[in-house]
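Asks: Pasting a structure below so you can have a look.
FYI, it's all coordinate maths here, none of it is from the lab. It should be emphasised that the depicted structure is a prediction, and the values quoted were computed from it without experimental measurement. As a convention, Cβ positions derive from the backbone with ideal geometry for all residues, glycine included, and neighbour counts pool all protein chains shown.
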Amino acid sequence: MNYFEYKNDQLHAEDVPLADLAQRFGTPFYVYSARTLRRHFRVFDDALQGTDHLICYAMKALSNLSILKLFASMGAGFDIVSVGELMRCLRIGADPRKIVFSGVGKTDEEIAAALEAGILMINVESRPELHHISTVAGRMKRRAPVSLRVNPDLDPGTHPHISTGHRDSKFGVPLSQVDEYYAEAKGLANLDLVGLSTHIGSQITDVAPFAEAGEKVAAIVKRLRTAAIALKYLDLGGGLGIPYAETPPPPAEYAAALLKPLRELSLKLITEPGRVMAGNAGVLVTRVLYLKETDVKRFIVIDGAMNDLIRPVLYEAYHNILPVDRRKLGQTVTADVVGPVCESGDFFARDRELNQPREGELLAVMSAGAYGMVMASNYNSRPRVPEILVDGAEAYLIRERDTFDDIIRGEHIVELKGGS
C-alpha cells in the first residue's frame, strides 16, 4: 500500500498535489511519502513480532539523510555496504550497535572505520577478508565482531543482476566450505564470531526460496553448535519484492515461511529490507516535452532520463506510468516513453499502452523510491534531480537540484605544454 492517490482526478502524494510540487520545484523530481515509509516499516516489524529481531534497513535502496532519520526514529538499524553509507548513518545519529556492514570488497580503511564506530558486526564474504579484518583489528587493539555470509546455493527466480544466492555468484562463502571457514575464523585472535548471514537476492516474489534458505542456515547453526561455536545473531538479509507488475507475498507470509525453521534456534534475527520499505514510497515526476511519430513508432519524449532512473534499461524493469492529471485523458495509444539522453537505452517503457498525453503534461513514474535516486548520475552533464519528502500536507525539499557548479566540482582545467 502507498499514499499516492487520485483526488478529484489529480494525483497526490498524501495531501499534496503533484502538480503543485512541479510548479514549486520544477521537473523532473523525486517525491517520497513519509506516511508510506512509516507504514511499510510497521507492517514489516509486525510480521516479526514474537521473535527477538532487529530490522536493518538496506540503505543502498534509498539513502537520503532525511529518509534515514525517519527510519532511525522508528527503531531501525542499517545495513551498509560502504564507508560512505556508514558516514551517512553517523551523520543522522544512528546507533552504531544497530549497523551491519555487508559487501565483498571492504578496504582496510573501511574496516577500520567500522571498528572505530563500534558497529554491531561485519558480514565477511571471503577467507582473505577474514584475515584482513583480524589484522586491522589487531593494529587497533580491538576485537572485531564478524558474521560469515553463507551462499546457500539456490535460485530465487529473480533477475540475474539481483540474484545473489546461486553458486557462481560473487557473494558469500560456499556451503561446502562453511565449516572450515568458521574453524579458521575461530583461530584468529582478533575476531569475535557473533553471527551467520545470508542474502539470496532482490525482488523475490515467492516465499519458497526464503524458506529453503532458512532451512539451510538452521542446519548450519546446529552443526556449528556441536563444534562449540555458539552464535548470537542470524542475519537473514532482505529480498522481498514489491508490486511493480508482479504480486509479491505480504510481509507476514514472508516472515512465517522464513521463521518456521528458525524459531527453535534462540538467536536474534536480523533482516535487511530495502526495496520493500522504499520502492512504493517514491515517484519520479516528469514532464512531456514532445510527441513524436514515425512510420513505425510513436514516442512520448519526457524530461526525465536514464540518468535519473536507470532501472528500466539496467534491469529490464517495469514501472507503471500514470498521468498526474486525468481530468482530460487522451485516447489510448501504444508508445515508447523515452528521455532526452543520447542513448537508445534511454527509455522508461517500450510499446506501452497508455493515454496519450499532451505536450507540457506531467507523468508519474511509479514505484521509483528504491534504486532510483541512489543510482542517478550526471551523464550528459545533466543535473541530478531534487528529492522531496511529503508528510501529510507538508512538503520538504530534502535534496536540492544540482547546479552546473555541482556537476563540475572537483574538475580542473590544465594548460598542456606539449605539442601535437
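Asks: Find the percent of Cα-Cα distances in region 180-315 that exceed 21 Å, and round it to a whole number.
Replies: Values: 5321 of 9180 pairs.
Of all Cα-Cα pairs in region 180-315, 58 percent lie more than 21 Å apart.
Asks: Sorting I388, I408 on the 10 Å Cβ count, fewest up front, what's the list?
Replies: Values: I388 24, I408 12.
Placing the least packed residue first, the sequence is I408, I388.
Asks: Can I ask one more? For region 103-271, compute the number of Lys pairs whose alpha carbons are separated by less than 27 Å, excluding pairs fewer than 8 positions apart on the same chain.
Replies: Within region 103-271, the lysine pair count is 26.
Asks: Same structure again: Give the residue list of trypsin sites (Lys or Arg not before Pro) in region 165-234 that are DSSP loop and have at most 13 other beta-carbon atoms within 10 angstrom.
Replies: Numbers: sites: R167, K170, K186, K216, K222, R223, R225, K232; in loops: R167, K170, K232.
Those satisfying the criteria are R167, K170.
Asks: With label points built 7 Å along Cα→Cβ from the Cα atoms of R225 and T334, find their separation and express it in nm.
Replies: 5.9 nm
Asks: Could you please state, rounded to a whole Å, how far the C-alpha centre of region 75-94 is from the C-alpha centre of region 296-370?
Replies: Their Cα centres are 33 Å away from one another.
Asks: Fully extended, how many nm does the chain gain between I413 and L291 (0.36 nm per residue separation, minus their Cα-Cα distance)? Intermediate values should be presented prior to the final figure.
Replies: Working: separation 122, 0.36 × 122 = 43.92 nm, distance 3.95 nm.
So the extension gain works out to 40.0 nm.
Asks: According to a simple spin-label model (label point 7 Å from Cα along Cα-to-Cβ), what is the distance in nm between A252 and T135?
Replies: With each label placed 7 Å out from Cα toward Cβ, I get 5.2 nm.
Asks: What does the charge count near I407 come to, summing +1 for each Lys or Arg and -1 for each Asp or Glu among other residues with Cβ under 10 Å from its Cβ?
Replies: Numbers: positive: R382, R384, R409; negative: D402, D405, D406, E411.
Residues near I407 contribute -1 overall.
Asks: Gaussian network model of the chain, Cα springs within a sub-10 Å range: biggest mean-square fluctuation belongs to which of E387, E253, E272?
Replies: Judging by the Gaussian network model, the answer is E253.
Asks: What are the lysines whose alpha-carbon lies under 28 Å from the alpha-carbon of K328, with same-chain residues fewer than 8 places away excluded?
Replies: Leaving aside lysines fewer than 8 places away in the same chain, those within reach of K328 are K7, K292, K297.
Asks: Right, next: By how many nm would the segment from N380 to D405 lengthen if fully extended, with 0.36 nm per residue of separation less the alpha-carbon distance? Mind dumping the intermediate values first?
Replies: Numbers: separation 25, 0.36 × 25 = 9.00 nm, distance 1.47 nm.
Between N380 and D405, full extension yields an extra 7.5 nm.
Asks: Still on this structure, I have one more. Report the full-extension gain for the segment D46 to L314: residue separation times 0.36 nm, less the Cα-Cα distance, to one decimal in nm. Intermediate values should be presented prior to the final figure.
Replies: Working: separation 268, 0.36 × 268 = 96.48 nm, distance 3.33 nm.
Fully extending the segment from D46 to L314 adds 93.1 nm.
Asks: Among R38, R149, R263, which comes first, then next, by fewest other beta-carbon atoms within 10 Å? Display every interim value, and only then the final one.
Replies: Details: R38 18, R149 25, R263 13.
Least to most surrounded, the residues fall as R263, R38, R149.
Asks: Excluding V365 itself, calculate the net charge of residues whose Cβ lies under 10 Å from the Cβ of V365, where each Lys or Arg counts +1 and each Asp or Glu counts -1. Don't skip to the end; give the middle numbers.
Replies: Numbers: positive: R311; negative: D308.
Residues close to V365 contribute a combined charge of 0.
Asks: Where does each of 176-183, 74-81 land if you order them by average Cβ count within 10 Å, highest first?
Replies: Details: 176-183: 15.1, 74-81: 22.0.
For the peptides 176-183, 74-81, the packing ranking is 74-81, 176-183.
Asks: Could you please tell me the mean projected area of the C-alpha convex hull for region 103-271, averaged over all directions and given in square nanometres to one decimal?
Replies: On the way: hull surface 39.1 nm².
Taking a quarter of the hull surface, the average projection is 9.8 nm².
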